[in-house]
Amino acid sequence: MTRYLYTSIYGCKYNFQQNETKILIIEMLTVIAVLSSVLACHAQTGISADPACDVTKGCFSDCSGSLCSFLVTWRPVNNGQIVFEITSAVSAPNSWAAIGFSGDRSMGSDSVVACVSSGGVIAAESGYTDGRSYRSLSNKDLGLSAVTGTVVDSVMSCSFTRTMNIPGQQEFYDLQQDWHILFARGQAVSGNPTKHAQSPIISREAVDFQSTSTLTGTEVSYPLVKAHGSLMIVAWVLLASIGIFVARYMKPLWPNSTLLGAKVWFPIHRICMGTAMTLTIIAFIIIFVEAGGYAHNIGVSAGSILFGQYHPVLGIIVTILSVVNPTMAIFRCAPDHEKRPIFNFAHRICGISAHIIAAITIIFGTYLEKSQATGSASGVAIAYLWVFMIVNIVLEVYMLTKRREAGRSADIELVNQGGRESLTPEGLQQTEEFAVKCAFGVQILLMSVFALTLLVLINSG
């Protein structure tokens, strides 16, 4: 029986069962554990639509069906006052949620009321936006009364009464006029609002705050965020998936053919991974320009706030690995060098780790508010990773089974045994080549479908 097998990974001698299988199992268990955590965290916030909307209250929300991530209601009362209620999902106990009143559909020169949670206490303050910066008025309580609020299970509820108009206060807008309403939220530090974690949501038309109409809004688009996500999807869902598959399984194929002066598999692998690295670097630069540096407070549209915290960290790790791995390959030792197996092992672990982390980072990215991805994007991203694992596991098990059969008959010529033929190494090679070619075609098709679907979902949100 053949005890040791030459794998097609790096052309080095390994004990297949004791090395490759263990590595594969560890990688798959890691991915399964992360996916289980993602699915456990993918829960909707407990905010429901208010049945009083359109009846006794005016409402502004992002409700889909009966579930919302925020809801703003108002109802006029006597003495020229309006009672506002803000209910919003928040990413931390110390957070803020605010409404603004604007003469147009963009930020800048807007009258604002912000509910701020600090140390379990909810306060409301009057403020104003100058360009894209917010500042509270010198008298924060101007025009506000009856402020109450709580933060329970990552949901902030805040109620206050606002005077419609205060003569002589230019930054305190008169709500007897119609204004576009804006909603934004973010985290607070020492009771002070920080930069909003998502693009403000703005009503499509001006609002009559003495009416009980129901309105929805649209977010300000983030084209650089979408460009970042699109580049990462092409790099890792499509190109890296193909490049890693080729290096893992296709080295023995077409032994007498060359492409660009090298064995066929190598230019394919190099082009795919080199392009993936280039797109990753570009995407890395784009998102740092968009965020103005490292993003600390990233809002999530669903699931755990950890998705927003871990996404930039994992993205930086992926970028580093995507640069380190090809750099390491440039300085690799000769194929017959005694330390070549060390390079082979490190190169594979680095590449597989980058791929897995990138896939998880993409999944986390679909939950972020600024991605503006449709709800099904996270499901497609999770399905992609599962399908990639299944295709590779099935092919791995198939090849291992065939190699074991070859081990039992490695020294026996092809003979007829009761109408059945034993599998010789030559027959094994043909069988493996056919299986790998079929799997490669399936891989390209599936990864292309997943990448295209994610690109549509990311850019149509």
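The values are calculated or read from the model by the stated rules, or taken from the named source; none is laboratory data. Only a predicted model underlies this, so the values are computations on that prediction, with no experimental measurement involved. Neighbour counts are summed over all protein chains in view; Cβ atoms, including those assigned to glycine, are modelled from backbone coordinates with ideal geometry. Heavy atoms of the whole protein, side chains included, go into the accessibility calculation; ligands, DNA and RNA do not. Shrake-Rupley method; radii C 1.70, N 1.55, O 1.52, S 1.80 Å.
When the residues of region 346-398 are narrowed to those that are part of a loop (DSSP other than H, G, I, E, B) and of a type in the set (V, I, T), which ends up surrounded by the most Cβ atoms within 10 Å (Cβ to Cβ)? Step by step, filter region 346-398, then rank; the result is T366.
Take the conditions (1) over 19 Å from P193 (Cα atoms); (2) touching a Lys or Arg at 6+ places or on another chain (Cβ under 9 Å); (3) modelled with pLDDT under 95; Q169 misses just one of them, which is (2).
Just a yes or no: is a residue in region 216-239 farther than 30 Å from C59 by Cα, out of contact with any Asp or Glu (no Cβ under 6 Å at 6 or more places or on another chain), without any contact (Cβ under 8 Å) to a residue 12 or more places away in the chain and not charged (D, E, K, R)? For region 216-239, residues farther than 30 Å from C59 by Cα, out of contact with any Asp or Glu (no Cβ under 6 Å at 6 or more places or on another chain), without any contact (Cβ under 8 Å) to a residue 12 or more places away in the chain and not charged (D, E, K, R): absent. The residues in region 104-148 that are open to solvent by 30 Å² or more (accessible area, probe 1.4 Å), assigned to a strand (DSSP E or B) and not aliphatic (A, V, I, L, M) can be counted, and the count is 9. Tell me yes or no: at least one residue of region 324-331 is in contact with a His (Cβ under 8 Å, 6 or more places away or on another chain) and either open to solvent by less than 40 Å² (accessible area, probe 1.4 Å) or in contact (Cβ under 8 Å) with a residue 40 or more places away in the chain (or both). Checking region 324-331: at least one residue is in contact with a His (Cβ under 8 Å, 6 or more places away or on another chain) and either open to solvent by less than 40 Å² (accessible area, probe 1.4 Å) or in contact (Cβ under 8 Å) with a residue 40 or more places away in the chain (or both).
When G243, G315 are checked against the criterion of being closer than 30 Å to V90 by Cβ and open to solvent by less than 40 Å² (accessible area, probe 1.4 Å), G315 stands alone in meeting it. Residues that are over 18 Å from G365 (Cα atoms) and in contact (Cβ under 8 Å) with a residue 12 or more places away in the chain within region 436-461 comprise V436, K437, A439, F440, V442, Q443, I444, L446, M447, S448, listed in sequence order.
Can you pull out the residues in region 156-168 that are open to solvent by less than 40 Å² (accessible area, probe 1.4 Å), among the hydroxyl-bearing types (S, T, Y) and within 19 Å of P93 (Cα to Cα)? Scanning region 156-168 gives a single hit, S159.
Only residues that are basic (K, R) and part of a loop (DSSP other than H, G, I, E, B) were counted across region 149-168, and they come to 0.
When residues of region 51-67 are filtered for being over 23 Å from T194 (Cα atoms), within 34 Å of the chain's Cα centre (by Cα) and open to solvent by 50 Å² or more (accessible area, probe 1.4 Å), how many remain? So the count comes out to 5.
Restricting attention to region 137-186, report how many residues are closer than 19 Å to S61 by Cα and acidic (D, E). Of the residues in that region, 1 qualify.
Contact list please: Cβ distance under 6 Å, first residue in region 255-273 and under 23 Å from A235 (Cα atoms) and of a type in the set (A, V, I, L, M, F, W, C), second residue part of a helix (DSSP H, G or I) and open to solvent by less than 70 Å² (accessible area, probe 1.4 Å), pairs at least six apart or on different chains. These pairs meet every condition: L259/P267; L260/P267; W265/V246; I268/V246; C272/L239; C272/I242; C272/G243; M273/G243. Quick check on region 280-302. Is at least one of its residues of a type in the set (V, I, T), at pLDDT below 85 and under 27 Å from N94 (Cα atoms)? Yes. For A276, state whether it is touching a residue at least 24 places away in the same chain (Cβ under 8 Å) and within 17 Å of the chain's Cα centre (by Cα). Spelling it out, it is not the case that A276 is touching a residue at least 24 places away in the same chain (Cβ under 8 Å) and within 17 Å of the chain's Cα centre (by Cα).
Here is the figure for region 87-103: residues that are aliphatic (A, V, I, L, M) and open to solvent by 60 Å² or more (accessible area, probe 1.4 Å) total 0.
Do we have M250 as open to solvent by less than 30 Å² (accessible area, probe 1.4 Å), within 23 Å of L385 (Cβ to Cβ), of a type in the set (A, V, I, L, M, F, W, C) and modelled with pLDDT under 90 here? In short, yes. I'm trying to understand the selection: among the residues of region 68-86, which are more than 21 Å from T194 (Cβ to Cβ) and open to solvent by 10 Å² or more (accessible area, probe 1.4 Å)? Hits for region 68-86 are L71, R75, P76, V77, N78, N79, G80, Q81, V83, E85.
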